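These notes concern the structure reproduced below.
All of the numbers you see were taken from the coordinates with simple rules; none came from a lab. All of these numbers come straight from a predicted model, not from anything done at the bench. Note that each Cβ is placed from the backbone with ideal geometry, even for glycine, and that neighbours are counted across all protein chains shown.
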Amino acid sequence: MQVLVTGGAGYIGSHTVLSLLENNYDVIVYDNLTNSSLESIKRVEKLTSKKVKFVEGDICDKEKLSQLFKQSDIDAVIHFAALKAVGESAEIPLRYYQNNVHGTVCILEVMQQYQVHNFIFSSSATVYGEENDVPYVETMKLGSPSSPYGASKVMVERILADLALSDNKFRGVSLRYFNPIGAHESGEIGEDPKGIPNNLLPYIAQVAVGKRDKLSVFGEDFPTKDGSCERDYLHVMDLAQGHVAALDWLDRHSEFNGVEAFNLGTGNGVSVFAIVQAFEKAINKAIPFEVSPRRAGDLSAFWANASKANKELNWHANRSLEQMMTDTWRWQSNNPNGFLD
Ligand code: NAD
Ligand code: UFG
């Protein structure tokens, strides 16, 4: 079975490509490298001793995509390619809608043209918005996320639902990721943000390696146990295996058509202070931090009800918080400058 992975050179994409290769899928990566490096794919090839076909291209370039679909026998698409910086999306919303929404429509149109029906979409816990209570469960209505980034994910989920109503061959899976962190246990691939990291773990890791002075903890007056925000952090390799489980689910449900959503998380909320402590314990060193004002748009706490993925996909986020920290540190300390090293 051959899988086209858009955005496969990025953080979650590269770990998923590794899992796919380990499960004997053939993989084509299609990426414009705006937020990644080809080095991630080279390292995946080294780790697996397998070849990955790489095509540099943009998901909005339908001509290039068409050529690729014409030349290759593609059975399924896993669609990671998107811009993902929540704050930036409020500054340049049109670029986010163009890339994340229009780009997805382009790939879906080309799939339809070449009669490829299996589609796995990188959605996010952000689609639940602030309207829903925690834990989030897939039966809840889609919410209204505050950022254009979050809105782009809700829009794509609606587009998939409409497409499924109109095309009875379409077989879509929306995987709603909670907070992926960590790195492959080899320390060879991991998250390599450009510039100042927006997300918690890459920031802590850069403080630990001496690239940044201290962490700002955004708010300690939330209605949580210790006042800092709580999130459902899961290991990126568990998340990667969730994609293999989703392909397997599509394969087992040959009669299925429509779109099905699955939460991918551990089911536990962990606070920012607890993450700092867990990281300090893993590296046996203090992480300097200061408490700063809340960051605009941050919800106080959310985590997954992951029962549906546990039961139907036969998938569990098994790796511990300790392993998430140790693997983040192995990647960061071996590669202080990311893939430039
Ligand atoms: P990433 O930025 O590391 O990977 C995205 C990849 O897509 C990059 O390699 C980038 O170069 C590529 N890309 C972007 N726009 C493209 C385009 N127009 N054409 C071709 N390639 C393009 O991000 P990630 O953390 O690996 O996220 C992957 C997906 O998961 C995204 O859709 C993201 O929104 C979603 N997601 C991520 C998180 C998270 O916390 N990381 C949480 C929920 C959902
Ligand atoms: N945080 C800090 N300091 C930092 C960075 C983050 O205190 O320097 C805090 C945030 O306030 C938040 C927590 O750490 O409470 C986690 O923040 P992240 O930015 O790592 O993650 P978010 O939960 O804000 O967002 C992530 C992804 C989004 C996605 C969302 C839900 O970045 O794309 O999870 O899946 F929508």
(message) Compute and list, largest first, the equivalent-ellipsoid semi-axes of the chain from the alpha carbon gyration tensor, each √(5λ) rounded to a whole angstrom.
(response) 31, 23, 19
(request) Note down the nm distance, to one decimal, between modelled labels 7 Å out along Cα→Cβ at Lys62 and at Ala90. (result) 3.4 nm
(request) Work from the charge dipole of region 288-329 (Cβ charges, +1 for Lys and Arg, -1 for Asp and Glu, about the Cα centre) and give the residue of Gln323, Ala306, Ser292 farthest towards its positive end. (result) Ala306
(message) At a 10 angstrom cut-off on C-beta neighbours, averaged per residue, how do the peptides 45-54, 315-324 rank from highest to lowest?
(response) 315-324, 45-54
(message) For the chain, take the longest principal axis of its alpha carbons; what is the angle in degrees between that and the long axis of helix 148-166, to the nearest 10 within 0 to 90?
(response) 30 degrees
(request) Find how many whole Å separate the alpha carbon centroid of region 79-156 from the alpha carbon centroid of region 174-224. (result) 21 Å
(request) Provide the three semi-axes, in whole Å and in decreasing order, of the ellipsoid equivalent to region 72-118 as defined by the square roots of 5 times the Cα gyration tensor eigenvalues. (result) 27, 10, 6
(message) Let me check against my output: what whole-number percent is the relative contact order of region 206-286, with C-alpha pairs under 8 Å and at least 6 apart?
(response) 34 percent
(message) What do you get for the angle between helix 11-22 and the principal long axis of the chain? Use alpha-carbon atoms, 0 to 90 degrees, nearest ten.
(response) 60 degrees
(request) For Val173, enumerate residues with amide H under 5 Å from its amide H, sequence gap 5+ or separate chain, H modeled in the peptide plane. (result) Phe119, Ile120, Phe121, Glu260
(message) Spelling out what I want: for every residue of region 34-44, take phi, set θ = phi - 60°, compute 6.51 cos²θ - 1.76 cosθ + 1.60 (Karplus), and round to whole Hz; glycine and proline get x.
(response) 5, 10, 7, 9, 5, 4, 4, 5, 4, 6, 5
(request) Taking only Cα atoms and a 10 Å spring cutoff, compute GNM fluctuations for the chain and point out the largest among Asn199, Asn310, Asn100. (result) Asn199
(request) Compute the relative contact order of region 49-161 as a whole-number percentage, counting only Cα pairs closer than 8 Å that sit 6 or more residues apart in sequence. (result) 30 percent
(message) At a 10 angstrom cut-off on C-beta neighbours, averaged per residue, how do the peptides 184-195, 12-23 rank from highest to lowest?
(response) 12-23, 184-195
(message) Please compute the modelled spin-label separation between Gln2 and Asp162, points set 7 Å along Cα→Cβ, answer in nm with one decimal.
(response) 3.1 nm
(message) Show me, for region 65-78, the HN-Hα J-couplings you get by feeding each phi into the Karplus relation (A = 6.51, B = -1.76, C = 1.60, θ = phi - 60°), rounded to Hz, glycine and proline as x.
(response) 4, 4, 4, 5, 5, 5, 7, 10, 8, 9, 9, 7, 10, 10
(message) For a quick check of your reading of the filter: which GluC sites (Glu not before Pro) in region 124-181 sit in a DSSP loop and have no more than 16 other Cβ atoms within 10 Å?
(response) Glu130, Glu131
(message) With θ taken as phi - 60° and the coefficients 6.51, -1.76 and 1.60, list the Karplus ³J(HN,Hα) couplings across region 321-338 in order, rounded to whole Hz; mark glycine and proline as x.
(response) 4, 4, 5, 4, 6, 4, 6, 4, 5, 4, 4, 5, 6, 6, 9, x, 9, x
(request) Compute the relative contact order of the chain as a whole-number percentage, counting only Cα pairs closer than 8 Å that sit 6 or more residues apart in sequence. (result) 19 percent
(message) Rounding to the nearest 10 and keeping the result within 0 to 90°, find how far the Cα-based axis of helix 236-252 lies from the longest principal axis of the chain.
(response) 30 degrees
